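Asker: Structure incoming, see below.
The values are calculated or read from the model by the stated rules, or taken from the named source; none is laboratory data. What you are looking at is a predicted structure, and each value in this text was computed from that prediction instead of being measured. Glycine gets a Cβ as well: all are built from the backbone with ideal geometry, and neighbour counts include every protein chain shown. Keep in mind that these areas ignore ligands, DNA and RNA; they rest on the heavy atoms of the full protein, side chains included. Shrake-Rupley method; radii C 1.70, N 1.55, O 1.52, S 1.80 Å.
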Amino acid sequence: MLEKAVSMGLPMSRIRYIRNAARAFILHEDKLLTLKMQDGSRVFYILPGGGQLPGERLQDTVKRECLEEVNLRVKVGNVAYMREYIGKNHDFNPRHKGFHQVETVFFCNPENLNELQPGGETDNLQVGIVWIPIEDLDKYDLYPRILKGFFTEDGLDIPKIYLGDVN
């Protein structure tokens, strides 16, 4: 891919990479585990997780990220969904215009809930950990926003595995 971009005449400074990430979808007692993030005056919430390292399996990525961000050991289950975030297609953050991430989100079960606390390597914008009650999801600026629609009166309903480019 790098060779193709160079052959198209793109300067190295404009060549971007696609980042793989893994996140944890953790439900406990009708609450969703989220990271509270703050960027200036803006507060928003995301699922725990982050970027995959070279040579690391996605399941291992989500385990490592949960330990780093919330000091939580998790048992990784099936894929809940996959999504892309192509920054230039969204108004979330102007700094994301060249950012492209593919996220695989796994259902996870916590193994040490009593030890939940900010981990030793939290994200730069992470200011807390919040269990959002499912019935209160609309009160929170949760990303990706499509998550809120997964919860119905009948329970959890994720309509498809690949959600596309959503924020």
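Asker: Would you be able to tell me the number of residues in segment 48-82 that are part of a strand (DSSP E or B) and of a type in the set (A, V, I, L, M, F, W, C)?
Answerer: Count: 5.
Asker: Give segment 42-65 a look and list any residue that's within 11 Å of the chain's Cα centre (by Cα) and either open to solvent by less than 20 Å² (accessible area, probe 1.4 Å) or without any contact (Cβ under 8 Å) to a residue 12 or more places away in the chain (or both), or say none.
Answerer: Residues satisfying the conditions are Leu47, Pro48, Gly49, Gly50, Gly51, Val62, Glu65.
Asker: Just need a number here: residues in segment 25-41 that are of a type in the set (Lys, Arg) and either under 13 Å from the mean Cα position of the chain (by Cα) or farther than 22 Å from Val62 by Cβ (or both).
Answerer: Looking only at that region, the number is 1.
Asker: Can you tell me how many residues within segment 147-167 are open to solvent by less than 70 Å² (accessible area, probe 1.4 Å) and of a type outside the set (Ser, Thr, Tyr)? Walk me through how you get there before you give the answer.
Answerer: Let us first name the residues in segment 147-167 that are open to solvent by less than 70 Å² (accessible area, probe 1.4 Å), namely 147-152, 155, 158, 163-167.
From what's left, of a type outside the set (Ser, Thr, Tyr): 147-151, 155, 158, 163-167.
Residues meeting the conditions: 12.
Asker: Something else now. If you take the residues in segment 70-89 that are open to solvent by less than 30 Å² (accessible area, probe 1.4 Å) and either in contact (Cβ under 8 Å) with a residue 60 or more places away in the chain or of a type in the set (A, V, I, L, M, F, W, C) (or both), which one is nearest to Phe106 (Cα to Cα)?
Answerer: Here the answer is Ala80.
Asker: Looking only at segment 100-140, filter to residues that are of a type in the set (Phe, Trp, Tyr) and open to solvent by 20 Å² or more (accessible area, probe 1.4 Å); which one of those is nearest to Val79 (Cα to Cα)?
Answerer: Let us first name the residues in segment 100-140 that are of a type in the set (Phe, Trp, Tyr), namely 106-107, 131, 140.
Cutting the leftovers down to open to solvent by 20 Å² or more (accessible area, probe 1.4 Å) gives us 107, 131, 140.
Working: Phe107: 6, Trp131: 21, Tyr140: 24 Å.
The residue in question is Phe107.
Asker: Okay, moving on. What are the pairs, 6+ residues apart or on separate chains, where a residue within segment 141-160 that is under 23 Å from Asn89 (Cα atoms) has its Cβ under 7 Å from a residue that is of a type in the set (A, V, I, L, M) and open to solvent by 70 Å² or more (accessible area, probe 1.4 Å)?
Answerer: Sorted first by the residue in segment 141-160, then by its partner, the pairs are Phe150/Leu156.
Asker: So is Thr152 farther than 17 Å from Leu27 by Cα, out of contact with any Lys or Arg (no Cβ under 6 Å at 6 or more places or on another chain) and β-branched (Val, Ile, Thr) or not?
Answerer: No.
Asker: Among the strands (runs of 3 or more DSSP E) lying completely within segment 86-167, list those that include at least 2 residues that are under 22 Å from Glu69 (Cα atoms).
Answerer: It comes to 100-110, 126-133.
Asker: A follow-up question, please. Can you go through Gly128, Gly149 and tell me which one is of a type in the set (Gly, Ala, Ser), within 17 Å of the chain's Cα centre (by Cα) and under 14 Å from Tyr45 (Cα atoms)?
Answerer: Every option except Gly128 fails the conditions.
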